[in-house]
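Here the structure is laid out as structure tokens; the discussion comes afterwards.
The values are calculated or read from the model by the stated rules, or taken from the named source; none is laboratory data. Computed from a predicted structure; not experimentally measured. Cβ sites come from the backbone with ideal geometry, for glycine too, and all protein chains shown count toward neighbours. To get the accessible areas, we keep the full protein, side chains included, count just its heavy atoms, and leave off ligands, DNA and RNA. Shrake-Rupley method; radii C 1.70, N 1.55, O 1.52, S 1.80 Å.
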Amino acid sequence: MAELNTKSNETWNARRLPDLTGRTVVVTGANSGIGLTATEALARAGAHVVFAVRDPERGRAAAATVQGSTEVRRLDLADLSSVREFAEAWREPLHMLINNAGVMMLPRQRTKDGFEMQFGTNHLGHFALTNLLLPHITDRVVTVSSDAHRWGGATIGFDDLDLTASYTPRRAYAQSKLANLLFTLELQRRLAESGSTVRALAAHPGYAATNLQSHAANPAARAFMRLGNRFLAQDDRAGALPTLYAATQDLPGASYVGPDGLGEMRGAPTLVGRSRAASDPLTARRLWRVSEELTGTLFPLAVGEPA
């Protein structure tokens, strides 16, 4: 098993990836930011990487910059019909699914199916995609969350998931990232209960300079994050390391990987903690049931419900 102490991880980087020849990996949002950087590293290590992207033209342009085996398939996580179409077209074994795509602190918007955009894209789209692809997955599911899951003592607003009465871009983003961690927790429980060897893990990039922050609703927030990207953030290559570590190292199911530096903003990948809310199995199970109802997708393996 990989060494998990911080000291052993100080020099861990993408050059230490294992040989991934013969493995197929789907990366959502692979055309930019840490998704593209992770894709470059995985392909360089021998994996066949599928760019699951909303805009195939942009995906093909990004794939052309990657050395290795790649292909591009359309996937719009804000449209459940697109998610189903992507999954229904999948036929071959899939070693890894990396749920990387996301939107951040947007003005109030809705997905095609009527869900609040950040919750619908970051959580519900990936929830449906994972369950629909799970019969093909042989190794692991890695979902990219964020330390934003702690913002303001974030909780899941089950009585108003769309935050109709109390929407702020920051609160909606925090809820969606908390949902990512709760999803990982319950997915791992279900996989273990069913006897599957597939593992569910989560990762967060720390403070990484990407174009994700450029869509914030508040102009002041965008200006602040531009300064942060320039002077505080690590680059997207360093930001991709927790994802790559979670995707390739021998870690326990439900592990959460992030940077080892101050405030988990930057540094080498290591196992990190999560908020109490993100560790609550009862909330995780409730969110799972609600997500099944909202997306019309079910866990495809046999599993019992705990009392």
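Calculated mean residue ellipticity at 222 nm for the chain: -11000 deg cm²/dmol, from DSSP H runs with n ≥ 4 weighted as -39500 (n - 2.57), summed, divided by the residue count and rounded to 500.
Packing around the peptides 64-71, 43-50, 257-264, 117-124, taken as the average count of other Cβ atoms within 10 Å per residue, puts them in this order, highest first: 117-124, 43-50, 257-264, 64-71.
Of all the options Pro135, Pro205, Pro169, the one that moves most in a Gaussian network model of the chain with Cα springs shorter than 10 angstrom is Pro135.
Per residue, the average separation of C-alpha pairs within less than 8 Å and at least 6 apart gives the stretch 24-293 a relative contact order of 18 percent.
In terms of accessible area, using a 1.4 Å probe and ignoring ligands and nucleic acids, Ser166, Ser82 rank largest first as Ser166, Ser82. The length gained by stretching the chain between Thr21 and Ala302 to full extension, at 0.36 nm per residue less their Cα-Cα distance, is 98.0 nm. Seen from all directions on average, the chain presents a Cα convex hull projection of 15.0 nm².
Surface analysis of the chain yields an accessible area of 43 Å² per residue, using protein heavy atoms and a 1.4 Å probe. Rounded to 0.05, the FRET efficiency of the Arg237 and Ala61 pair, given R0 = 22 Å and the Cβ-Cβ distance, is 0.70. Relative contact order, percent, of the stretch 95-143 when contacts are C-alpha pairs under 8 Å separated by at least 6 residues? Relative contact order comes out at 57 percent. Surface composition of the stretch 24-293: carbon and sulfur atoms hold 51% of the protein heavy-atom accessible area at a 1.4 Å probe.
Of the trypsin sites (Lys or Arg not before Pro) found in the stretch 102-203, those that fall in a DSSP loop while having at most 14 other beta-carbon atoms within 10 Å are Lys112.
A simple spin-label model places pseudo-atoms 7 Å from Cα toward Cβ; at Thr164 and Leu106 they are separated by 1.9 nm. The residues packed around Asp160, meaning those with a beta-carbon under 15 Å from its beta-carbon, carry a net charge of +1 if Lys and Arg are +1 and Asp and Glu are -1. Mean-square fluctuations from a GNM of the chain, with a 10 angstrom spring cutoff on Cα atoms, peak among Asn99, Asn13, Asn180 at Asn13.
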